[in-house]
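First comes the structure, then the notes that go with it.
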Amino acid sequence: MGGRPRRRDAQNALDELEAVAQKRRLTVDIEDGDSDPRIPILIAKLSADAPETANILMQLADIASIDPDNPIAIKNCNGITPVTNLLQHGSMVTREAAATVVLNICVPENELDIRAAGGVTALRALDFEGPPSAQSVATQVLETLMRLEADRRFDEAQKRAVWSDC
């Protein structure tokens, strides 16, 4: 009898933790202007044929998650297109690693570039074709992109409303 309230409380706690983690990932808090110097080197090493590509992608994913400047630096080093290409055309392991990178670079400044590079189509395909772990990552990225789009459209609507009041 006492199991159900505990499960519900545990699920609520997990949901709250996930919301906090999501908010932290979407919010670029303190930019110091310094990004990781390994980013351009790792992006230059990306290749669909290389056996270490998945490892390089996981390094990029880790780097993107530790400093709020790094997701933008990956974009500025023209990293979104090669990562998205690997998300579309790599092996399943490579596609899942690329999806993890995209998840960690999903910030407002990168949203439109990820969409323009074909990220949404590739993520939907991974969500359909991939193993459960890849489907989970793809779903998280698609949900994050959806939230970013909603926020962007809301901001644009607010700006239009302000200008129409003048």
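Quick note: the coordinates plus some simple rules give every number you see, no bench work behind them. Note that the structure is predicted; figures quoted are calculated from it, not measured.
Points to keep in mind about this one:
- For segment 34-165, the orientation-averaged shadow of the C-alpha convex hull comes to 8.3 nm² (one quarter of the hull surface).
- Rg over Rh [alpha-carbon atoms, Kirkwood Rh] for segment 121-166: 1.32
- Using 0.36 nm per residue and subtracting the Cα-Cα separation, the extra length available between Arg147 and His89 on full extension is 18.3 nm.
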